[in-house]
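Below: one structure, written as structure tokens.
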Amino acid sequence: MRLRDTSRAMTQEALVEPRFQQRRTKLLAVVLVAHGLIVGGCAGDVDRDSYVQRNEAIRKSLPTFPGATLVRVEHNPIRKIEGEDPGPIVSYGTGVDYRVHAGTRPKVVSSFYKRRLEGWRVVRDFRPCPATSACPPTSTWFKRGNASISVDMEDLKPGVRDNPRGKGGRIFHVGINHDYYGTNELR
């Protein structure tokens, strides 16, 4: 009889164990699905703090144009567009606005950064007309590794009124992205 009792106990145990395993498996599946739904909304987003920290390291290493006053620093998300819906955040752009004297010309600002950004190469000078000395760049882009710096001097062109944000001066903008060329979506 003992054998029967033992085998009967083993049979009951054998039935209980798979049920427990099934419940545990179902619970685990529910937890994983819930986690996927919660995290899935953020899937693909880059870590803002570390991305901005690297952009800030570049910003702090840049020379400041003589006489320029820092007006604002912003960190804006850049998303991969997926159809009509905004996709995941693929990078953060750091934008820096500087106020300069009203007589400051784009060519002088562009030349300053071309001379002072050692290790950076000019990728492009955007000009509103054919490249001549009479037509200075309105934006100059630099590259080092995957990093990008753009210096936008559109508001410094002759004939442009003082920028209201400049409070009596003119504004030029420096854009920074430490991994612009490394992010496939931004190339």
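The values are calculated or read from the model by the stated rules, or taken from the named source; none is laboratory data. Note that the coordinates shown come from a computational prediction; the quantities given were computed from them, not determined experimentally. A quick note on method: Cβ atoms are made from the backbone with ideal geometry, for glycine too, and the neighbour counts reach across all protein chains shown.
Being over 23 Å from S61 (Cα atoms), touching a strand residue (DSSP E or B) at 6+ places or on another chain (Cβ under 6 Å), at pLDDT below 90 and surrounded by 15 or more Cβ atoms within 10 Å (Cβ to Cβ) holds for only one residue in G87, G166, and it is G166. In segment 48-67, which residue that is on the phi < 0 side of the Ramachandran plot and without any contact (Cβ under 8 Å) to a residue 40 or more places away in the chain is surrounded by the most Cβ atoms within 10 Å (Cβ to Cβ)? Only one residue fits best here, namely E56.
For segment 99-118, taking the residues that are closer than 26 Å to G145 by Cβ and among the hydroxyl-bearing types (S, T, Y), the one that is surrounded by the fewest Cβ atoms within 10 Å (Cβ to Cβ) is identified as S111. Would a scan of segment 64-79 turn up a residue that is at pLDDT below 90 and assigned by TED's automatic domain parsing to the domain that holds N146? Within segment 64-79 (the criterion being at pLDDT below 90 and assigned by TED's automatic domain parsing to the domain that holds N146), the answer is yes, since at least one residue qualifies. Within the option set V122, V96, being surrounded by 15 or more Cβ atoms within 10 Å (Cβ to Cβ) and either among the β-branched types (V, I, T) or farther than 19 Å from Y180 by Cβ (or both) holds for one residue only, V96.
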